[in-house]
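Here the structure comes first, spelled out in structure tokens, and everything after it is commentary.
The values are calculated or read from the model by the stated rules, or taken from the named source; none is laboratory data. Note that the structure is a prediction, hence the values are computed from the model and not measured. We place every Cβ from the backbone using ideal geometry, glycine too, and count neighbours over all the protein chains shown.
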């Protein structure tokens, strides 16, 4: 599913963000990526979604050689990858349903398909009753669930969650984690970048630990050890 081969990323000629990283994530896995600030987690994710190019090495995501993609190919590739961030990035003047519909409209999805798909996605994330609510009328956890629904709208094979619970209280955090586990059980590969030691340890899933741009630990049933 995801294959990094000898991937190095250098900024400004001398700042090494990733240093000869090799990793393989199988289809259907749930993987946590951990590390202190500056360890390379954000760079890893940017490379995974084609937002940055590696200085050296190759990156394969599914059938795509990401490091070789041209700019015009990126939108089609990214429809296969859902991304959720710490800040929800919802459109404030659009309702929950409209936020999802807009994500489909910009990719040219037919209106009838949008009409059918949006309620289904809201139901999956448990917010079918909040269809007409604007982001300001939703809690942080509810906004993040809308963001997850938007990331899943094109039925991606891979969902990347970059600190998705960073702004949430404990209750909302576990609500989001349970949702990510449910999505994973349905067959979607999930990569979770997190600083939350309690969450990562409770998951008892694979943990990849980064330090100074290098993978220093890769455990099948890992713990947050930094």
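The residue that is farthest from residue 209 (Cα to Cα), counting only those in region 1-15 that are assigned to a strand (DSSP E or B) and at pLDDT below 95, is 11.
Can you tell me which residue in region 50-66 is surrounded by the most Cβ atoms within 10 Å (Cβ to Cβ), limited to those that are without any contact (Cβ under 8 Å) to a residue 40 or more places away in the chain and within 17 Å of residue 1 (Cβ to Cβ)? The residue in question is 66. For residue 36, the stated conditions hold: it is part of a loop (DSSP other than H, G, I, E, B), at pLDDT 90 or above and in contact with a strand residue (DSSP E or B) (Cβ under 9 Å, 6 or more places away or on another chain). Within region 118-129, the set of residues being surrounded by fewer than 20 Cβ atoms within 10 Å (Cβ to Cβ) and part of a helix (DSSP H, G or I) comprises 119, 120, 123, 124, 128, 129.
Only one entry in 13, 20 is more than 14 Å from residue 193 (Cβ to Cβ), in contact with a strand residue (DSSP E or B) (Cβ under 6 Å, 6 or more places away or on another chain) and in the same structural domain as residue 194 (by TED's automatic domain parsing), namely 20.
Out of region 162-180, which residues are out of contact with any helix residue (DSSP H, G or I) (no Cβ under 6 Å at 6 or more places or on another chain), touching a residue at least 40 places away in the same chain (Cβ under 8 Å) and outside any helix (DSSP H, G or I)? Passing the criteria: 163, 166.
One line per residue, one yes/no per condition, for (1) touching a strand residue (DSSP E or B) at 6+ places or on another chain (Cβ under 7 Å); (2) in a loop (DSSP other than H, G, I, E, B); (3) not assigned by TED's automatic domain parsing to the domain that holds residue 129:
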| residue | (1), (2), (3) |
| --- | --- |
| 67 | yes, no, yes |
| 86 | yes, yes, yes |
| 101 | no, no, no |
| 108 | no, yes, no |
| 114 | no, no, no |
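Going by what's in this entry, would residue 191 be described as modelled with pLDDT of 95 or more and assigned to a helix (DSSP H, G or I)? For residue 191, the condition - modelled with pLDDT of 95 or more and assigned to a helix (DSSP H, G or I) - is not met.
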